[in-house]
Each structure stands twice: as structure tokens, then as C-alpha cells.
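This is the structure I have questions about; it appears just below.
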Amino acid sequence: MKRVESDLPGVCILEPVVHGDARGFFLEHYNARVFAKLGIPHVFVQDNHSRSGKGVLRGLHFQLGQPQAKLVRVIRGEVFDVAVDVRVGSPTFGKWTGVTLSEENKRLFFIPEGFAHGFYVLSESADFMYKCSDFYSPTEDRGILWSDPDINIAWPLDGTKPVVSKKDSEQPLLSKFSESDLPNYDQLA
């Protein structure tokens, strides 16, 4: 497994070793010992799987009182995946980074606690899997508007309007959050 740093400290791309031959391929997408050596000692407690059609945009989501680190991958299709630093006091607060994840490149994306997460489906459909370091908590669930102009994510929309849930289309701008409604950098760093 190879760790590739992103533009945001702590957020990284992981490239697994893929063993392939005429029969297909094998890869190890998670091994606690290997991840610890790569600087990711997190214990993951929940696995999620979503399927979305072309043009679906999900996010930007995070949890406040039960922050989640996420290890995400695409097992079918292709997505543009994004992490946004929402940690108050962080030198990269409000900044984003993105990566294309696909069944072809087999990359994983690690997103630490204190980052909002979202993705946009580029293929006809995509199966998206992710591990979480804490359980989903509806009362701690938060979101930021995917099109927040201050964050200015360069979603690869190619002039098309994304398919967004009612909930995600009504999320507030990051600037509308009070400091107490966002994760604290010093407590998570």
C-alpha cells in the first residue's frame, strides 16, 4: 500500500498493491497493521455501501459530537470525491481537495475527523463503499451546501445540473455556522 498526500494535511490517497492475472485480480484494501504503519491507526466500526446514478451528488456531510474518519473507495463506476476542512482554527479551514476514485484505479481516499465529505458520480452508476471510525448519529449529522461559493469546489459537472437530495440542497453555507457548531482543530489534531 502506498500513501500519497493530498493538498490538505491528514487527507491522503492510498494506492493498494494489485495482484492480477488472466483470472482477475486480488487486492487488500484494509489491514490495520499496514494502515498503522502508514500513519492511519484508526479503528473502523461501520461499513457503508451506496449506489448512485450518473450525475448524483451526495454531500457535503460531517458529524459534530461523534466525528468520523472515513476510508472510501469505489468498487464499480467512477466518482469525484471531495474532502473539506471544517475544523475551526485549522490553517486549512474551508479548503478542499478532491480525487477521482474508480473501479479501474482502485484507489482509496482517507478523510480524517473534522472534514466534510461528498462525491459526484461520473459514470452511469457507481457503487461507493466506506468505512467509518464512529457510528452514524442522526443527532450529530451536519452538512454544508455542496455549492458554497466560499469553498468553491471545482465539481466536474460539465454544464449539467447535479441530482441532489432535498436535504443536501438545503444545507447552510459554511459561513453560517457558529464556531460551536463545527469541529475544533485543537481537539482533533
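Using amide H atoms built 1.01 Å from N in the peptide plane, name the residues 5+ places from Gln68, or on other chains, whose amide H lies under 5 Å from its own.
Distant-sequence amide H within range of Gln68: Gln63, Gly114.
Can you tell me the relative contact order of the chain? Whole percent, Cα pairs under 8 Å, sequence separation 6 or more.
Details: 418 pairs, mean separation 53.6, N = 189.
This gives 28 percent for the chain.
Could you state the number of Å between the C-alpha centres of region 150-187 and region 37-89?
So the two Cα centres are separated by 14 Å.
Give a quick list of GluC sites (Glu not before Pro) in region 123-189 that DSSP marks as loop, anything other than H, G, I, E or B, with at most 11 other Cβ atoms within 10 Å.
Numbers: sites: Glu124, Glu140, Glu170, Glu179; in loops: Glu124, Glu140, Glu170.
Those that pass, being in a loop and sparsely packed, are Glu124, Glu170.
Would region 148-189 count as rounded, prolate or oblate if I go by the C-alpha gyration tensor, calling it rounded below 1.5 in a/c and otherwise prolate when a/b exceeds b/c, oblate otherwise? All intermediate terms of the calculation are to be shown ahead of the outcome.
Numbers: a/c = 2.74, a/b = 1.95, b/c = 1.41.
Here region 148-189 falls in the prolate category.
Straight-line reach only, C-alpha to C-alpha below 24 angstrom: list the lysines that Lys167 could link to, leaving out same-chain residues fewer than 8 apart.
Here the lysines satisfying the reach criterion relative to Lys167 are Lys54, Lys70, Lys95, Lys131, Lys176.
What residue among Pro156, Pro138, Pro41 has the largest mean-square fluctuation in a Gaussian network model of the chain, using Cα springs under 10 Å?
Largest GNM mean-square fluctuation: Pro138.
Answer rounded, prolate or oblate for region 42-188, using the Cα gyration tensor with square roots of eigenvalues a ≥ b ≥ c: rounded when a/c is under 1.5, else prolate when a/b is larger than b/c, else oblate. Walk me through the numbers on the way to the answer.
Numbers: a/c = 1.72, a/b = 1.27, b/c = 1.36.
The shape class here is oblate.
Hey, another quick one. Determine which lysines satisfy two conditions relative to Lys37: a Cα distance under 17 Å, and not lying fewer than 8 residues away in the same chain.
Of all the lysines, those that pass the test against Lys37 - Cα under 17 Å, at least 8 places apart if same chain - are Lys2.
A short reminder: the numbers here are calculations on the coordinates, not readings from a lab. Keep in mind that this is a model prediction, so the values were computed, not measured. Heads up, the Cβs are rebuilt from the backbone with ideal geometry, glycines too, and the neighbour counts pull from every protein chain shown.
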